[in-house]
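Novice: Below you'll find the structure I mean.
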């Protein structure tokens, strides 16, 4: 048997749907090498013969990707290294080549973190119930020795193919648009120039330099502080739209021509409507944090709304089970059946650009989107809490004497009929996440403050 790792370490690093932790302090090349071996053994990948590996711009990613490849090849599979790519670029490679894959990224996490997102062939998810628990078990109990033929490592460039495939999935743009894109020094700095250069777009690039130390702001567009520069640039340049990508570019947030953030729920409703025109009557996935406007609009467009918990592996699994054409999350993740049910921030951005470009002359983005925004959402509010479960229990107790319903699908949802509150632990950080929705800004703010007072 090979090296074993303490259960405490393994359980701290292996989350609900990926591996993530502090570089050197938790995540080391030896650990990553073992994960590569466990990935092969737990998922029975020697039969597949080959896996594909990509990496983001974090300083530790090249060494980690190499260590993972060494662990996998030592257990009898070949590895195709596609180098620097976005996470959806890795999903593209997994889908186009029909190979299992691994992406080295910590997404939006600060520079001190790194991680691994894994998938089966065709970008099928690997979460706790679909392989991560088995990988964790092998890391704790020991990985069986393998003394057969070792695999080999090759390299392949796939960026242009990725760009062309995305562009094939959206209607061509009819009029030229002024676009500001903020890559946050993440992987969109590599992908956006290639994709957008093929479109009638006047591009203003912000923070396109690949820098895993994130010198300008964190690559986490769900935090309003990280959108300030983009919003200012959109107003300054008179742009039609602003795009903000997270570190691995699998998420995209949108800013309208006024510099105002477009809620991802609104984008989910917009893209769902478009996809339902193409595939009438299809199921559409939304997570439980999206606005209640989303299932309303899906139903109004003769689609079938399906609710799921937060997280890409859960969304993708439910899409596979239901045949859903599209899925959207409050966090800026958007999933497409035609993209192997994987999430792509760039593809979502292309849908927005295509929709706006093909709207009637003079239509602004805010005008285009106004029918899809019906309620007031708080956005995600994060709080460091020592005991997350205790805090959630306190929220339940607080509302227990009111006329509400409770759901434990993901954390705790309190549904008051015209409003709802959700508190749930982060899957990636030691945080409790709060989301609130109500018909008015005043009611939303009152509920938000009421809940925060319980555990802050």
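Novice: Which of the following values of Cα extents along the principal axes in Å was calculated from the structure shown: [x] 83, 60, 42; [y] 64, 56, 44; [z] 91, 58, 45?
Specialist: Matching the structure shown: [y].
Novice: I want to verify the translational diffusion coefficient of region 264-343 in µm²/s; compute it with Stokes-Einstein, Rh as the Kirkwood radius over Cα pairs, at 4 °C and 1.567 mPa s.
Specialist: On the way: Rh = 11.6 Å.
The estimated diffusion coefficient comes to 111 µm²/s.
Novice: Counting other beta carbons within 10 Å of each Cβ, put 402, 33 in order, fewest first. The partial results should precede the final answer.
Specialist: Values: 402 8, 33 21.
So the residues, fewest neighbours to most, are 402, 33.
Novice: Sorted by average packing, counted as other Cβ atoms within 10 angstrom per residue and highest first, what order do 282-290, 313-321, 207-215 take? Mind showing how you got there, number by number?
Specialist: Details: 282-290: 24.9, 313-321: 21.3, 207-215: 16.7.
Ranked by mean Cβ neighbours within 10 Å, highest first: 282-290, 313-321, 207-215.
Novice: Same structure, new question: 7 Å from Cα along Cα→Cβ at both residue 367 and residue 454: what's the point-to-point distance in nm?
Specialist: 4.3 nm
Novice: Related question: Among 92, 162, what is the fewest-to-most ranking by other Cβ atoms within 10 Å?
Specialist: On the way: 92 30, 162 25.
With the fewest neighbours first, 92, 162 line up as 162, 92.
Novice: Multiply the residue separation of residue 279 and residue 225 by 0.36 nm, subtract the distance between their alpha-carbon atoms, and state the gained length in nm to one decimal.
Specialist: Gain on stretching residue 279 to residue 225: 15.7 nm.
Novice: If each residue's Cβ is checked for other Cβ atoms within 10 Å, how do 268, 237, 50 rank with the fewest at the top? List each step's numbers first, then the result.
Specialist: On the way: 268 30, 237 14, 50 18.
Exposure proxy ranking, most exposed first: 237, 50, 268.
Novice: Given the -39500 (n - 2.57) contribution per DSSP H run of 4+ residues, what per-residue ellipticity at 222 nm results for the chain, rounded to the nearest 500 deg cm²/dmol? Let's see the in-between values first.
Specialist: Working: 15 runs with 163 residues, N = 456.
My calculation for the chain gives -11000 deg cm²/dmol from helical runs alone.
Novice: Right, another one. Calculate, for residue 359 and residue 390, the FRET efficiency according to 1/(1 + (r/R0)^6) with r their C-beta to C-beta distance and R0 35 Å; round to the nearest 0.05. Write down the numbers at each step before the final one.
Specialist: On the way: r = 49 Å, r/R0 = 1.40.
The formula returns an efficiency of 0.10 here.
Novice: Using a 7 Å offset from the Cα along the Cα-to-Cβ direction at both residue 322 and residue 440, what is the distance between the two label points in nm, to one decimal?
Specialist: Computed distance between label sites residue 322 and residue 440 equals 3.3 nm.
Novice: Return the distance in nm (one decimal) between the two label points of a simple spin-label model at residue 168 and residue 194, each offset 7 Å from Cα along Cα→Cβ.
Specialist: With each label point 7 Å from Cα toward Cβ, the separation is 1.5 nm.
Novice: Now, a different point. For region 376-455, what's the relative contact order in percent, using C-alpha pairs closer than 8 Å and at least 6 residues apart?
Specialist: Rounded, it is 37 percent for region 376-455.
Novice: What is the gain in length, in nm to one decimal, between residue 397 and residue 22 on full extension, counting 0.36 nm per residue of separation less the C-alpha to C-alpha distance?
Specialist: On the way: separation 375, 0.36 × 375 = 135.00 nm, distance 3.50 nm.
Extra length available between residue 397 and residue 22 comes to 131.5 nm.
Novice: Report the extension gain between residue 381 and residue 232 in nm, rounded to one decimal, defined as 0.36 nm multiplied by the number of residues separating them, less their alpha carbon distance. Walk me through the numbers on the way to the answer.
Specialist: On the way: separation 149, 0.36 × 149 = 53.64 nm, distance 2.28 nm.
Extending this stretch completely gives an extra 51.4 nm.
Novice: Let me ask you something else. In region 107-196, if every C-alpha pair distance is counted and binned at 10 Å from zero, what percent goes to each bin?
Specialist: P(r) for region 107-196, in whole percents per bin: 10, 24, 34, 20, 8, 3.
Computed from the coordinates by the stated procedures, all read-outs in this text should not be read as laboratory data. Only a predicted model underlies this, so the values are computations on that prediction, with no experimental measurement involved. Note that each Cβ is placed from the backbone with ideal geometry, even for glycine, and that neighbours are counted across all protein chains shown.
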